[in-house]
Structure formats: C-alpha cells, structure tokens
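**Student:** Structure below; questions to follow.
The values are calculated or read from the model by the stated rules, or taken from the named source; none is laboratory data. Everything quoted here is computed from the prediction, not taken from an experiment. Positions of Cβ are generated from backbone atoms using ideal geometry, with glycine treated the same way; all protein chains shown enter the neighbour counts. Heavy atoms of the whole protein, side chains included, go into the accessibility calculation; ligands, DNA and RNA do not. Shrake-Rupley method; radii C 1.70, N 1.55, O 1.52, S 1.80 Å.
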Amino acid sequence: MPRPDTPLNQRLDTAVAHYRAGDLAQAEALCALALADQPDHARALHLAGVIAKQNGQMQAACDFLARANQAEAHNPFILRDLAEAMRLAGRPEQALSLLEQAIHRAPELPDLFSALGLTCEALGQIDAAIRAHSRTVELLPQHAGAQNILGSAYRKAGDLVEAKRHFEAALALDPRLADALYNLGNIALETGQYEAAIAAYSRYVEVDPNNAQGWNNLAAACLKNRAYARAIACFDTAVRIQPTHPAALNLAITLTHLGRHEDALAAFERCREAQASNPNYWRYYAMALLYLPDTDAALRSVLHELDQRFAAPIYAQATKPSTKPLAGRKLRIGYVSSDFREHPVARNLLPVLQQHDRARFELYLYANISAPDAMSERLMAASDQFRLISQLNDTQAAAQIREDEIDVLVILAWRFDVNRPLIAAHRAAPVCVNFHDPGTTGMSGFDYVIADSILVPKRGPAPKRGTRWFSERVVRLPSYYLHQTISDTPPIQELPALQNGYLTFASFNNPAKLNPAVIALWSQLLNVLPASRLILKYKDLFADAYVRENIAVQFARHGIHADRLTLDSADESAADHLSRYHAVDISLDPFPFNGSTTSFESLWMGVPVLTLAGEAMVSRWGATILTRVGLREWITDSESSFLQTAQTLATDLPRLAALRRSLRSQVEASSLCDAPRYTRHWERLLRCLCDGKNITRQKH
C-alpha cells in the first residue's frame, strides 16, 4: 500500500535518499525533525535506529528500533534490524528470540535467515548457523554474498572443503566479490596451497587496491611461496596505505629473517609508535637484536619496555602458587612452546621427554600450535597431557596451568616464532624457567634461565654485552646441548680438499645470522686463502634473486667475486641435505648468533666447525657444542685468532682428513647424544629448583 503523501513522509523520503547517498548526518537530522513532530512514528524510528546502528551507536539503535517495533509490531524488517542491533550490542540471546518471531511472520524473507545465521554464530551454534545460511542460499540461489557467508560459517566449523566450495560458488556468480576472494585466499593459505593463495589475494587487491590487509595477506602468501622480493613490495604497499597497519611489523620481521639487518632495524624504529602497544613488537625486536653485534643498550631497552609495559601490570595482580611438599608424589613439569611440531626445539626436547622417569615426573605440554603434525604426535605419546592453547589468551592459558597444578613451568625459546613469554607474568606455577633461548627475558616473572658453564661461565671478565645480563637466576646443566643421533644418514666421504686442491668452507645457517660483521670476517678468510671457496645454503632460500643478490653484493664489497661463492638453493630431503657436506672441508659458525642444529649436523657428517666465541650466551653456542666433542682448538675468541686458527688448520690436510673420518664416532660418544644421562641431570636440576637446594644466584 502506498504511503500517504504527507509532509512527514516527504521529509522521511528525503532522509532515506540522504541515507542511501551516505549522508548520514543529514538523514539523522531529518529523522530528528520527524520525531519531534510525531515521536511514535514507526518509519522515523526505524530509520533513526538504522542510522544509529551504522554509526556504531548500538544502545541508541536498540532504543529507537524497540520503539519502532512497539509502534508497528507486525513489521519483520524492524524485527530484523532490532535483532541485528541486539547482536552487535552483545545481546545475541535476545536477537535470536526476535528473529524467531520475524521468521514466523515472514518465513520466505532471506534477510531474516542471514541475520539468524550470524546470530547463531555469535552464540557459538555453528551447525544452526550453517542451516540458517543454507536456507538463505536456497531462497537466493544467485546471490554471491549469501554463498560467501555460508562458506564463512563452514570455515568456522572447520570444514574447509565445503567452505572453499561456497567461496568458489560466490565467485562464479560475482568474480569481483572482494570478501569471497579474501576468504578463498585465507583457505588456500591455511591449507598450504600458496600459489592459489597468491592468485586469490592478487585478484582481491585488484578489486580493492587500497585495502592494507589484502596486501599484507598477499605478502604472507608470497613469503610462504619464497617469493621474497614480491613479499617485501606487498608489505611496503600495505604500509604506504596504512602506516599503522601490522604489516609494518611484519616487514621488519621479514627483513630480519632475510638478513637485511640495517633495513630491518629501520623498519622496527619506523613502526615503534604504532606498534608500541603490541607485546609481539618488543619480543620480535628482541629477537632481531640478537643477530647483531654491539646491541647492548638497544636490547636492554627493548627488554625493559616488554617487562614494564606488559608484564608489570600483570605482576601487580598475580600471586604465585605456593610450593607443595615433594615427598611421596610426582613432580609436574609443564613445557610451553609454539614449536611442538617439526622444529629443532621439538627435536631437542623429544629425547628428554622419552627418557623422563615417569614414576617420578608428570609431563604436561602446552602447545601454541594450530595444526599438529607427526612430530606433535610423537610429543603427545611422550607426555601425560598435550594441551592446545592457541585458542586461549595468556590469562586463560595461565589459568589452565594453575588448574593442572604445575610445579615447574618451562617456557621454551620465548622470543622466537609465536611463543608467549607473558604467560610467565601470570605466575601460573611456583617456579618458571627460561630454556632454549640464548639470552635473558628481562622479566621478573621468570625465576631461572638454563645454561652450562661454557654458555655462561661462572668466572671471567666483566660482561660487556647486555645479553650477558640476566634478570633470572642462572642455573647450569653439566652439558646444555642435546641432539638425537641421526639415522639413515649418508656415509662420510673423504676430505674434498685432497682432490680439489683447495679448501671449501660452508655455512648452512639461516641468512639472518649473516650480518655485515660475519660477511666481512669470512671475506677476510677467503682473501687470506685465495684459492678457497665458500658455500652458503639454507633450505631453498637462495633460489630467490632478492636474497641471493643481497648476499652476493655484500661479499663483492670485500672483493669476493661470484666464482668463489656458491649459493645453493636446493630444497631437498634431510638425507640429501646432509650429503651436501660431502663437498665441505670446514664449516664456519656465524656470530654473535651461533648455529646449533646446523653445527651438530656438520659435525655428524665429519665436518668440523670453526667458531668465534663472544661473551654473550648467544655467541657461545658453538663453543659449548665443540667442547663436548673435544674440539676446543676450533674455538677462537677474536677475529685475529679466528683467521690464524683457520690458516693453521687449513695447512694440515692429513690431520683434517683423519678428523673427518673419526668425528661422527666422537659426536656419538659425547654428551651431545647421551639422552639418558642428560635427562637424569635435568631431572635432578628440576627437583632442586622446586626445593631451592644447591641453587646460588649468578653474580652479575
């Protein structure tokens, strides 16, 4: 029935026109005039409520729409909008009741089922949401948006196959539907289909070129596909569009991992103000600084900010659980990590878990992972409880740890990956330990840091580096590093220099560790031994021209030309990777951030490692590994001694050849591979940490 042509309706028609044109202020003003004339006018109240909802004024929207519903109770569109406002105001139960009334009155109205689906999602009723969205699709089979929303519900339900099918159906109806392109990209990224993710996100940013999140996600997909130059460009674009977007932090982290340290530090500083309220900004900045020499002041400052901004407010409200008597019960050990998957941390921890005395210890693993893998399954089998905490915030995770009555909480590699050191601030256990991280947390929420007498000597010169300063008490194992023997490895071959007539050095470490000081020293070594060669390899990273050219240019500045530098880009099996050591005479350990797994693999393949040990814990990893194998002469303490030792060792090829043949057996017989003995020491230390015996504070 047409509306009466009254002045009030004419005014409201004009208000609707302004609303549709996006002029909400004028539309709102006209509604206010209409309501001044007739306070209970249903149409004016309805429009005023819709405008308030769009302006984010949910309480006002609910008030207007509730009055509109009283004035015209039979109108399902008013019920729909009132329910939507209720849902957005955090009252989904009331929204559900209203929608049920509306559907009873208008069972064929698609908008009602769409609103019902969103409300069910807000209530966590995903199956009901899927049924509601499916009904919308039945009523609107050619509506691309309905297909997209149904796909989103299936994604929330964990059914990625159905989710993808509906996103593709949406795009078949509307190839430029931005939300569907974005969602399809997310599905592809989550399922490891990186080319498909790149394709979807690329189309998304074509449709919406000013969307910073789209460029950020495209960059993430490019990183996964090892297209580094394009990833950097996409992050740059996202930051240009929205300087405060998290893409700025992602750019800094990526530059760090690619070894572009000067650019990385500049990127961290550029986004400091925008990211200062993000604890991960400070955590990743603390990671980046470990890769560089002479970062004492900066590192102390970053750790202080992390502790004071984020941990201190939690300390003020947290009370540490009391220590329970140990007699007659098992000790409960909790390990927290985002690396309970195929990762060096997991590989190092697994033999300890397997050797733990289960009659005396209960083992709880708190895994901040989204997709368990085969390694996760092995860790599950070696523990009493394996809890996924990726969907819990720090407060909830700490509450779970308290409920489990953990005696010693061990947080592994806190500054790397997506680990969560702030769980320690909640004081969820009587004792909290920093382990498998090469430095201090700077947080008083951690009681102890684990080291050995080489990583952190008990006596020696006063520390010059901030990473030698610890907020935790330093406690030492007899031997820090542990690695399982590697099965099914290639046999060791003869020293390649005997046939080549020159020495081949190599480093298979992460390029993030190849800072300018490392490249300068290694270039000096190559210049001192002008016939020598250097092989660099890290997975297939050097297949990308952006990474390869950056490294090559830095060596060229020191006179090392491309014919002496091999940038190996093979992505291969573990056995094939290890066989690359057949071409290597001596491995070079980067500094200040030494290698660990890489050094062990080199030694296992008969290739000794030359390390430059510094004063910081992070720069003594090589020293502790080599000491356990009996290779102290391969540990140097200055650049000059590094060069001199390399020349001395390089002149005695028969000795190098003999060492190559015996090295694997030396490694196998060392403490590096003695998991039972290591675990007994670790268990003894854990019990001491609980009862406080024989623990003395490290002098700083």
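**Student:** On average, how much accessible surface per residue is there in region 277-337, in Å², for a 1.4 Å probe, leaving out ligands, DNA and RNA?
**Tutor:** That works out to 45 Å² per residue.
**Student:** Using the heavy atoms of the protein chains and a 1.4 angstrom probe, tell me the accessible area per residue for region 64-190 in square angstrom.
**Tutor:** 46
**Student:** As an exercise, find the ratio Rg/Rh for region 586-641 from alpha-carbon atoms, using the Kirkwood inverse-distance average for Rh.
**Tutor:** With Rh from the inverse mean 1/r over Cα pairs, Rg/Rh is 0.92.
**Student:** Based only on Cα atoms, what mean projected area does the convex hull of region 1-117 have, in nm²?
**Tutor:** Value for region 1-117: 7.1 nm².
**Student:** Using θ = phi - 60° and the Karplus form 6.51 cos²θ - 1.76 cosθ + 1.60, what ³J(HN,Hα) does each residue of region 412-426 get, whole Hz, x for Gly and Pro?
**Tutor:** 9, 6, 4, 8, 9, 6, 10, 6, 9, x, 5, 4, 5, 5, 7
**Student:** Could you sort the peptides 598-610, 647-659 by per-residue average Cβ neighbour count (10 Å cutoff), highest mean leading?
**Tutor:** Packing proxy ranking, top to bottom: 598-610, 647-659.
**Student:** Spelling out what I want: for every residue of region 146-162, take phi, set θ = phi - 60°, compute 6.51 cos²θ - 1.76 cosθ + 1.60 (Karplus), and round to whole Hz; glycine and proline get x.
**Tutor:** With coefficients 6.51, -1.76 and 1.60, one gets 5, 4, 5, 5, 5, x, 5, 5, 4, 5, 5, 6, x, 9, 6, 5, 5 Hz.
**Student:** If you average over every viewing direction, what projected area does the convex hull of the Cα atoms of region 268-416 give, in nm²?
**Tutor:** 10.9
**Student:** Can you list residues whose amide H is under 5 Å from residue 535's amide H, if they're 5+ apart or on another chain and H is modeled 1.01 Å from N?
**Tutor:** Residues meeting the criterion, in which the H sits 1.01 Å from N, are 505, 506, 507, 566.
**Student:** A further question on this structure: Can you tell me the orientation of helix 261-270 relative to the chain, as the angle in degrees between its alpha-carbon axis and the longest Cα principal axis, to the nearest 10?
**Tutor:** Between helix and principal axis, roughly 30 degrees.
**Student:** How big is the shadow of the Cα convex hull of the chain, averaged over all directions, in nm²?
**Tutor:** 35.5
**Student:** Mind checking the angle between helix 639-650 and the chain's longest principal axis? C-alpha axes, 0 to 90 degrees, to the nearest 10.
**Tutor:** Once rounded, the angle reads 60 degrees.
**Student:** Name the residues whose placed amide hydrogens come within less than 5 Å of the amide hydrogen of residue 387, ignoring near sequence neighbours (fewer than 5 apart) on the same chain.
**Tutor:** 365, 366, 367
**Student:** Then there is this: Expressed in nm to one decimal, what extension gain is obtained for the pair residue 172 and residue 29 from 0.36 nm per residue of sequence separation less their Cα-Cα distance?
**Tutor:** Between residue 172 and residue 29, full extension yields 47.3 nm more.
**Student:** Round to a whole number: what % of the accessible area of the chain belongs to carbon and sulfur, probe 1.4 Å?
**Tutor:** In the chain, the share of accessible area belonging to carbon and sulfur is 50 percent.
**Student:** What is the percent of Cα-Cα separations in region 107-151 that go past 18 Å?
**Tutor:** For region 107-151, the share of Cα pairs beyond 18 Å comes to 15 percent.
**Student:** To continue, here is another question. If the viscosity is 0.890 mPa s and the temperature 25 °C, what translational diffusion coefficient in µm²/s does Stokes-Einstein give for region 136-242 when Rh comes from Kirkwood over Cα pairs?
**Tutor:** 178
**Student:** About the Cα centre, and with charges only on the beta carbon of Lys, Arg (+1) and Asp, Glu (-1), how big is the dipole of the chain? Nearest 20 debye, please.
**Tutor:** The dipole magnitude comes to about 2360 debye.
**Student:** Now for a different question. Residues of region 532-634: accessible area per residue at 1.4 Å, in Å²?
**Tutor:** 32
**Student:** What is the local net charge at residue 560, summed over the other residues whose Cβ is closer than 15 Å to its Cβ (Lys, Arg +1; Asp, Glu -1)?
**Tutor:** Combined, the nearby Lys, Arg, Asp and Glu give +2.
**Student:** Rounded, prolate or oblate, given the Cα gyration tensor of region 405-455, with a/c below 1.5 counting as rounded?
**Tutor:** It is oblate, given that a/c is not under 1.5 and a/b is not larger than b/c.
**Student:** Quick one: pull the percentage of alpha-carbon pairs in region 72-127 with a separation above 16 Å.
**Tutor:** Taking all Cα-Cα pairs of region 72-127, the fraction more than 16 Å apart is 30 percent.
**Student:** Sticking with this structure for a sec: What is the set of long-range amide H partners of residue 472 at a cut-off below 5 Å, with H atoms built 1.01 Å from backbone N?
**Tutor:** 441, 442
**Student:** Find the Rg to Rh ratio for region 219-304, where Rh is the Kirkwood radius over alpha-carbon pairs and Rg uses the same atoms.
**Tutor:** Ratio of gyration radius to Kirkwood radius: 0.97.
**Student:** Points 7 angstrom from Cα along the Cβ direction at residue 270 and residue 210: gap in nanometres?
**Tutor:** Those two pseudo-labels are separated by 2.1 nm.
**Student:** Test of understanding: express the Cα radius of gyration of region 464-619 as a ratio to 2.2 N^0.38 Å, with N the residue count.
**Tutor:** Relative to the 2.2 N^0.38 Å estimate, region 464-619 comes out at 1.10.
**Student:** Highest first, please rank the peptides 142-152, 480-490, 422-432, 15-25 by the mean number of other Cβ atoms sitting within 10 Å of their residues.
**Tutor:** Descending packing order for the listed peptides: 422-432, 142-152, 480-490, 15-25.
**Student:** Follow-up. Please work out the Cα center distance from region 65-98 to region 424-457, rounded to the nearest Å.
**Tutor:** Distance between centres, Cα-based: 53 Å.
**Student:** Additional query: Take the alpha carbon atoms of region 262-281, find their center, do the same for region 373-398, and report the distance between the two centers in whole angstrom.
**Tutor:** 30
**Student:** Cα axis of helix 42-54 to longest principal axis of the chain: angle in degrees, 0 to 90, nearest 10?
**Tutor:** 10
**Student:** Now for a separate question. Please give the calculated 222 nm ellipticity per residue for the chain, where each DSSP H segment of at least 4 residues contributes -39500 (n - 2.57) and the sum is spread over every residue; nearest 500 deg cm²/dmol?
**Tutor:** Dividing the helical sum by the residues of the chain leaves -16500 deg cm²/dmol.
**Student:** Give me D for region 577-700 in µm² s⁻¹, whole number, from Stokes-Einstein with Rh from the Kirkwood sum over alpha-carbon pairs, 4 °C and 1.567 mPa s.
**Tutor:** Estimated via Stokes-Einstein, D reaches 81 µm²/s.
**Student:** Something else: I want to check the label-to-label distance for residue 162 and residue 13. Put each point 7 Å from Cα in the C-beta direction and report it in nm to one decimal.
**Tutor:** Placing both labels 7 Å along Cα→Cβ, they lie 4.7 nm apart.
**Student:** Given 325, 219, 278, which one lies farthest toward the positive end of the charge dipole of the chain, if we put +1 on the Cβ of every Lys and Arg and -1 on the Cβ of every Asp and Glu?
**Tutor:** Result: 325, furthest along the dipole toward the positive end.
**Student:** Applying the Karplus parametrisation 6.51 cos²θ - 1.76 cosθ + 1.60 with θ = phi - 60° to the phi angles of region 350-364, what ³J(HN,Hα) value in whole Hz is obtained for each residue in order, glycine and proline being reported as x?
**Tutor:** Using θ = phi - 60°, the values come out as 3, x, 5, 4, 5, 9, 4, 6, 6, 6, 10, 9, 10, 10, 10 Hz.
**Student:** Any idea how far apart residue 123 and residue 387 come out in nm if each label point goes 7 Å out from Cα toward Cβ?
**Tutor:** Distance between the two pseudo-spin positions: 3.0 nm.
**Student:** Looking only at Cα atoms, what is the convex hull volume of region 375-511 per residue, in Å³?
**Tutor:** Considering the Cα atoms of region 375-511, their hull volume per residue is 201 Å³.
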